[in-house]
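Novice: Have a look at this one before I ask anything.
Each reported figure results from applying straightforward, stated rules to the coordinates on display, with no laboratory input. Please read all numbers here as calculations on a predicted model, not as lab measurements. Every residue, glycine as well, gets a Cβ built from its backbone with ideal geometry; the counts of neighbours run over all protein chains shown.
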Amino acid sequence: MTDAHRSDIESGLIENRTFAPSANWTSAGPGAEPVTPHIASMEQYREMYERSLSDPEGFWGDAAKELHWFAPWTKVLEWSAPDAKWFVGGKTNLSYNCIDRHIESGHGDDVAIIWEGEPMDGGPEIKRLTYRDLHTEVCKFANVLKSLGVKKGDVVTIYMPMVPELAIAVLACARIGAPHSVIFGGFSANAITDRVVDANSKVLITADGGWRRGSIVPLKENVDAACTQCDTLDHVVVVQRCGANIAWHHEPSNAHGKKRDHWWHDLMQAASADCPAEPMDAEDPLFVLYTSGTTGKPKGIMHTTGGYMVYTYLTSKYVFDLHPDANQVYWCTADIGWITGHSYIVYGVMPNRVPTLMYEGAPNHPTPDRFWSIVERHKVTQFYTAPTAIRAFMKWGDNHPRKHNLQSLRLLGTVGEPINPEAWMWYHRIIGHEKCPIVDTWWQTETAGHMITPLPAVTSTKPGSCTLPFFGVDAAIVSEDGVEQPNNTGGLLAIRKPWPGMLRGILGDRERFIETYWSRIKDASGEPYYFPGDGARRDADGFFWIMGRVDDVINVSGHRLGTMEVESALVSHEAVVEAAVVGMPHEIKGTGIAAFVTLGPGFDADEDLRTKLREHVGKEIGAIAKPDQIRFTDALPKTRSGKIMRRLLRDIAAGVEKVGDTTTLEDYTVLAKIRESKE
Ligand code: PRX
C-alpha cells in the first residue's frame, strides 16, 4: 500500500471523493489511432437516456438494427407484466452475429478469441482463433450435437474448464437453437445431478479435467458420479485437456440404451464443417443458467435470443467502449460458468468484433503476478474483474503488478459485489495508473447485462458507487409499498420498466418467478416492479450505492449462494440436527459463511468434525460453499413462533458486542451458549 493510499483511507477521504471524467481519454490500444468514445459527454448520455425511457421501442429498435436479422421484427416490445416479448416476430441467430457476420464483412482472419492455458512449463500455452477458425469449429460441433440427436429446444448441459472448446460448445448450441445450461466447473456431482434432471438434459459436454492452481479438477469423475444418480443422460462428450486418468463408459449406463462416453476429438474428426445458422425466433430460448435464491434449490433462469443479444451487445459496446479496428484486447476474468462469462466473454463482446481473452486458471499460478503477466503479454486494453480478486491482489502486494508493463490498459471494470473504496483506490492507482476510468457495474444473472454503471470517461465516478442507470433502465429506490424514497434514504432497489435483457422466467416454475421478482413491490395502481433482491440508496447527485442483498442470499467472493442451500447441505450430514447459516464480513471474500450447528447425541464438537462438515458441504455443493466459520451450539436462537433469529446470528458472527433486539427471543440462555461456543 502506498503512503498516499494509506493516508486517504485513514483520513476517511476516499468515500467523499469524486473522480471527474478525463476529457482526452481514448479506449484505443497503444500505437493505434485515437478513437472517439461512443458516448462523448454527459449531455449525450442524458439525451439518450431520456429517449430510451420515453421511446423505448425507437431506442432499442435502432440498437437492434446494428446486428444481423434473418427477418425483421414487427413490434419492438409487447409488455404485459411480468411477461415481455422483445423484437416480436424477428428472426436472428446469436452465433451468426458473433462469427459469420464478421466473416461476411471481410474480417474472417481477425482474431476472435485469445486463449491462455494455466500450466507455465516452458512458457504459457496460447491459442488464437480467428473468426474463420471459430466458424469451422462451431459448425463442426453443431453437427456433432445434431448427430447425437440434439434438436432445437433440447437443453445441452456443459461442465467444462475454461478452454476454447467451452466457447465453441456454447456457440454451437446457439447455432442450432439448443439452449445450453453451463455449470461452473467448481460445482460438485450433486449440483450437476440437480441441474441435469431439472432441465431434462440428455447430452453433457465435459473434459477429462481442468487445470487449477497446478492441480487437475476432476470434472469427468464428477460427471460419472452424477450419472449414477440420474438417468437422463444419453451422451457424455469429453474434451481431452489434462491427460487425466479417467473411467470410460463404452456401454449405455441408463435405461435409454444410448452409448455414453465419446471423445470430443473423435466426433469432431467425422463432422462436416457445413452448418448454416438456424434462424431463431427472437423469443426462442438461448440458455438457462442456474442461480441461488432464498429458498429451495438453485433455479434455472431463462434468457431468450433477441433481447439478450441486443442488450449484451449494447452494454458491451458502451460500457467497455469497444471499437473494432482499434487495437483493443478485452479481458474478462470470470468463468463462462457464471452470467458474467456468458454475457461479457462471449455473447455481448463478440458481436462487437473485439478479441476476447480467455484464461484457464488461477490468478496466482504459478506466481501472484500471473494476471499482470497476461495483461502485458497480450496488451490487454479493457480489464474486467471482481472486487474479491482486487482485494486478494492488494494483499499479495504492489510489487507483483509493478513487475509488469500495464501501459496498454485503458479501462478497468468490476462486477459481482460492492467494491470497498480502499480496493477501488488501489485498482485506480496501482493497476490503472490513475488514467483508466473504472466502471463498477451493478447487474445480475436475471438482468443479462449491466443495469447501473458509469460510462467510461463520461460519468464521474465515486469509489463504491455504481453511479447511474444504463439506457432503458428505470431504476428507483422505493419503500416496501412502492413509494420512491428521498435522496440518501435506504430502500429497496426496483426496476420500473421492462428492458430487453430481462429474464423470461424460471425453468419449470412460473409461480416462483412471479413470487420472487414480481410480487414484493408494486406501484399505486398495482403494477409490479422488478425486484432484484438488493437494498440501495441514491445520493444527492442521483448516484446509486448498493447496500447488499435484503434476502437470504449471500454474495461470497462475488458468487451467489442461498443460506438455505448451505443449511440443507449441513443437515444432510449424519451428525447435524439443525443448522443456521449467515453471512459475515470477510477481508477478501467480501462476505464469508458462518454456520451455527447443533449436533445429534454421540457426536463430538471438535476440530475433526468441523473439517468433515466443511468437506461435506464442499461435496454437496462445491468448494465455494464451504463455511469459513462453524460454531457448535446447543440450540439456535428462535422467536416464540419458531423462526431462527438470523439477525442475532449475523451480529454474533460479525463479532458485534451488543447484539440486536432480543425481545422476541424464546430462550435467552441460548445467546450466551452461542457466544461461549468455540469458533
Ligand atoms: O447483490 C448484487 C451483487 O450480485 C448480485 C447478483 O449476483 P449474480 O446473479 O451472481 O451476478 C453477479 C454478476 C453480475 C446482485 O443482486 N452485485 C453484482 N454486481 C454488483 C453487486 N453489488 C454491488 N455492486 C456491484 N457492482
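Novice: Which value, in debye to the nearest 20, describes the size of the charge dipole of the chain about its Cα centre when Lys and Arg Cβ atoms bear +1, Asp and Glu Cβ atoms bear -1, and nothing else is charged?
Specialist: Values: 69 positive and 87 negative charges, 62 e Å.
It works out to roughly 300 debye.
Novice: I've got another one for you. Across 10 Å bins from the origin, how do the percents of Cα pairs in region 557-676 run, short distances first?
Specialist: 14, 46, 34, 6
Novice: Still on this model: Rounded to the nearest 500, what is the 222 nm mean residue ellipticity of the chain from helices alone, with -39500 (n - 2.57) per DSSP H run of 4+ residues and division by all residues?
Specialist: On the way: 19 runs with 183 residues, N = 679.
So the calculated ellipticity at 222 nm is -8000 deg cm²/dmol.
Novice: Search the structure for amide H atoms under 5 Å from the amide H of GLY622, placed 1.01 Å from N in the peptide plane, and list their residues when 5 or more places away or on another chain.
Specialist: SER188
Novice: Check THR467: other-chain or 5+ apart residues with amide H under 5 Å from its amide H, H built from backbone geometry?
Specialist: Placed amide hydrogens put PHE544 under 5 Å from THR467.
Novice: Let me ask something else about it. Can you list the lysines whose alpha carbon sits under 29 Å from that of LYS127, skipping same-chain ones fewer than 8 residues off?
Specialist: Those lysines meeting the cut-off are LYS140, LYS146, LYS220, LYS317, LYS379, LYS403.
Novice: May I ask for the distance between the Cα centers of region 14-59 and region 120-167, given as a whole number of Å?
Specialist: Computed from Cα coordinates, the inter-centre distance equals 35 Å.
Novice: With +1 on each Lys and Arg Cβ and -1 on each Asp and Glu Cβ, how big is the dipole of region 311-384 about its Cα centre, in debye rounded to the nearest 20?
Specialist: On the way: 5 positive and 6 negative charges, 22 e Å.
Approximately 100 debye in magnitude.
Novice: So how compact is the chain: Cα radius of gyration and Dmax in angstrom?
Specialist: In order Rg, Dmax, the Cα atoms of the chain give 24.7, 75 Å.
Novice: Per-residue counts of other Cβ atoms within 10 Å, averaged by peptide: what ranking do you get for 543-549, 316-322, highest first?
Specialist: Result, highest mean Cβ count within 10 Å first: 316-322, 543-549.
Novice: Through the Karplus equation 6.51 cos²θ - 1.76 cosθ + 1.60, θ set to phi - 60°, convert the phi angles of region 648-655 into ³J(HN,Hα) values in whole Hz; use x for Gly and Pro.
Specialist: Result, rounded to whole Hz: 5, 5, 4, 4, 5, 5, 7, x.
Novice: Would you mind computing Rg(Cα) / (2.2 N^0.38 Å) for region 139-210, counting N as its residues? Before the final figure, lay out the partial values.
Specialist: Details: Rg = 11.5 Å, N = 72, 2.2 N^0.38 = 11.2 Å.
Dividing the Cα radius of gyration by 2.2 N^0.38 Å gives 1.03.
Novice: Hey, in the chain, which Cys have no second cysteine's beta-carbon closer than 4.7 Å?
Specialist: When partners are defined as cysteine Cβ atoms under 4.7 Å apart, the chain leaves CYS98, CYS173, CYS227, CYS230, CYS242, CYS332, CYS436, CYS466 without one.
Novice: List, in order, the whole-Hz ³J(HN,Hα) value for each residue of region 284-299 obtained from phi through the Karplus relation with A = 6.51, B = -1.76, C = 1.60 and θ = phi - 60°; use x for Gly and Pro.
Specialist: Along region 284-299, the couplings run 5, x, 9, 7, 10, 9, 7, 9, 7, x, 5, 10, x, 7, x, 10 Hz.
Novice: While we're looking at this one, here's another question. Given H placed 1.01 Å from N in the peptide plane, which residues other than close sequence neighbours of PHE70 have an amide H under 5 Å from its amide H?
Specialist: Counting only residues 5 or more places away or on other chains, the set is LYS91, THR92, ASN93.
Novice: Still on this structure, please answer the following. So what J values fall out for region 411-423 if you push phi through Karplus, 6.51 cos²θ - 1.76 cosθ + 1.60 with θ = phi - 60°, rounded to Hz, Gly and Pro as x?
Specialist: 8, 10, x, 9, 7, x, 6, x, 9, 6, x, 4, 5
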